[in-house]
Amino acid sequence: MPKKYHIHPKATPLDLDYIFKFKIVRGENCINCGKCSKVCIYEAHKRSKDDPRKMADPNTVVCRNCFRCIQECPRGALEKSLDNGFLSTGGAYWKSDMLISLWKQAEDGNVPVSGAGYRGPFTGTGFDSMWTDMSEIVRPTRDGIHGREYISTSVELGRRLNHLVFGAEGQLISKVPDTVDVSLPILFDFPADKLSSHVKLAMAKAAAELNTFVIMPVGDISAEFEKYDDNIIPRLSAEEIEGNKDIIKKARIVSIEYEDSLLNKLSTLKEKIKKISRALIIIRVPAVKDVEYTVTKLAHDGAEIIHITADYRGQELNSSTGTGSRHLKDIIRSVHQRLVEDQIRDEITIIVSGGIGAAEHVTKAMLCGADLMAIDLPLMIGLGARIYEDREKFLVFPEGLAKIPTAIVTQRMINLMGAWHSQILEMMGAMGIREARRLRGESGRAIFFEEIDKDTFGKLF
Ligand code: SF4
Ligand code: SF4
């Protein structure tokens, strides 16, 4: 049995304020009795340092929203209300609650608790309209998924053979293509915004530690990244290949931007790169309306790995969120189905990105038919970046980020992936799936709200 894969999270708080959901306000009728300071185990209520007869302003940041102080105050002097920062951050897709959860997971690597007392809706848009079959959760194995039971989250990148051919003597005739294993079905991708050099370095370091990859624009790869060559996927256009031979030579995988001309000359591109190195080739394809056609054509022409990129909400590119615009989950299902029909699905690797904002999205995207994801925004949110969907400046990094040491930035990315890894294990354990690669296309393990809604009420309305 292969060695178990472990991620080692470490509490790594940042000295930066992030969004909090509620603020506590102490009203004027407070009699400074101090009862709230006794009942709050998180020490949100303390006496003023300057005048111990009075209470200091409540420390909302440490509050865990148990409401005990509010219930026990003899004067009803405490109030909790939604904070303005919470209300103004995020948007329709990247909700403030999602941002807070990612930030907390990056702090300590713990699994967020959201099930107990859940009062939210049971369906929504995108991945929220998908439920997973957790029927195996009723008979957990004796010592659980973190004990003796082995669940593997590793996946393979590269072209695979549909079948093997053996000669008359029983010798293998098929040429088995090169593949690369990653321990998590997650790669790191660079967001469109400019990143400071220490964040880029931290992404490479975290990718190396986690045994995965970071996809980096080739222009960003400088000498300081040399140590992480094995975990960097240079991203470039076909025209840039000639000028970047040295970088390609060292890479295990390269990512090439899709352009229409590739539909007719993929083999020329492959030959050009294979002359420089044995690197596997990702073709990075935008998730536009006819992406199924592009992916299928590339797959038939011998593409090894295809990376489908949707927008930050997981929506089809070049479309509004209105009717007709598909979410990533529907795009993946459709692409997967086309490849299955063409009997070529098993041969290629499909990476997807856009709108992946929680560990459950990884598992759900795989059930729809993806092999693995590439993520960018969750890593930035873990560092304190805020998203404002309605504003011109979409991603806002915290002011103090530049002063935070690279080691801390790296550890927070590791923590976030540690929390996601634990959640993926929980979901897989509950579904009775022991290998992440077996999640791919297992749509029978999921229930799609749109489908049951249509089955149940379609005939009536
Ligand atoms: S319990 Fe109420 S009255 Fe007493 S100090 Fe706290 S807020 Fe003031
Ligand atoms: S709501 Fe609970 S955690 Fe928050 S300040 Fe009051 S007692 Fe402390």
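The set of residues in segment 65-92 being acidic (Asp, Glu) and either open to solvent by 80 Å² or more (accessible area, probe 1.4 Å) or away from ligand 2 (no atom under 11 Å from the Cβ) (or both) consists of GLU79, ASP83.
THR309 meets all of the listed conditions (1) open to solvent by less than 10 Å² (accessible area, probe 1.4 Å); (2) touching a strand residue (DSSP E or B) at 6+ places or on another chain (Cβ under 6 Å) but one, namely (1).
Pick from VAL362, VAL335, VAL352: which is farther than 30 Å from ILE241 by Cα and either at pLDDT 95 or above or among the acidic types (Asp, Glu) (or both)? Answer to the check: VAL362. Applying the criterion of being part of a loop (DSSP other than H, G, I, E, B) and on the phi < 0 side of the Ramachandran plot to the residues of segment 26-40, the residue that is surrounded by the most Cβ atoms within 10 Å (Cβ to Cβ) is CYS40. Residues of segment 4-25 that are farther than 23 Å from VAL111 by Cα and surrounded by fewer than 19 Cβ atoms within 10 Å (Cβ to Cβ): LYS23, VAL25. Filtered by the rule that a residue be part of a loop (DSSP other than H, G, I, E, B), among the polar types (S, T, N, Q) and either surrounded by 13 or more Cβ atoms within 10 Å (Cβ to Cβ) or at pLDDT 90 or above (or both), segment 146-170 gives THR153, SER154.
Looking across segment 30-47, the residues that are modelled with pLDDT under 95 and more than 6 Å from ligand 2 (Cβ to nearest atom) come down to ILE41, GLU43. Of the residues making up segment 86-100, just one is part of a helix (DSSP H, G or I) and free of Cβ contacts under 8 Å to residues at least 24 places away in the same chain, namely LEU87. Selection of first residues in segment 49-72 that are at positive phi and outside any helix (DSSP H, G or I) and of second residues that are open to solvent by less than 100 Å² (accessible area, probe 1.4 Å) and charged (D, E, K, R), restricted to Cβ pairs under 9 Å at least 6 apart or on distinct chains, gives the following pairs, ordered by first then second residue: ASN65/LYS21; ASN65/LYS80; PHE67/LYS80. For segment 41-64, filtered to residues that are within 40 Å of the chain's Cα centre (by Cα) and within 9 Å of ligand 1 (Cβ to nearest atom), the residue that is surrounded by the fewest Cβ atoms within 10 Å (Cβ to Cβ) is PRO58. Here ASP193 qualifies as of a type outside the set (Val, Ile, Thr) and part of a loop (DSSP other than H, G, I, E, B).
When only residues in segment 171-195 that are loosely packed, with under 15 Cβ neighbours inside 10 Å and of a type in the set (Gly, Ala, Ser) count, which is nearest to ARG284 (Cα to Cα)? So, considering only residues that are loosely packed, with under 15 Cβ neighbours inside 10 Å and of a type in the set (Gly, Ala, Ser), the one nearest to ARG284 (Cα to Cα) is ALA192.
The rows are residues; the columns are (1) out of contact with any His (no Cβ under 8 Å at 6 or more places or on another chain); (2) open to solvent by 10 Å² or more (accessible area, probe 1.4 Å).
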position	(1), (2)
SER334	yes, yes
GLU341	yes, yes
ILE350	no, no
GLY355	no, no
ALA358	yes, yes
VAL362	yes, no
CYS368	no, no
ASP376	yes, yes
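The values are calculated or read from the model by the stated rules, or taken from the named source; none is laboratory data. Note that the structure is predicted; figures quoted are calculated from it, not measured. A quick note on method: Cβ atoms are made from the backbone with ideal geometry, for glycine too, and the neighbour counts reach across all protein chains shown. Note: accessible area is taken over every heavy atom of the protein model, side chains too, but ligands, DNA and RNA are not part of it. Shrake-Rupley method; radii C 1.70, N 1.55, O 1.52, S 1.80 Å.
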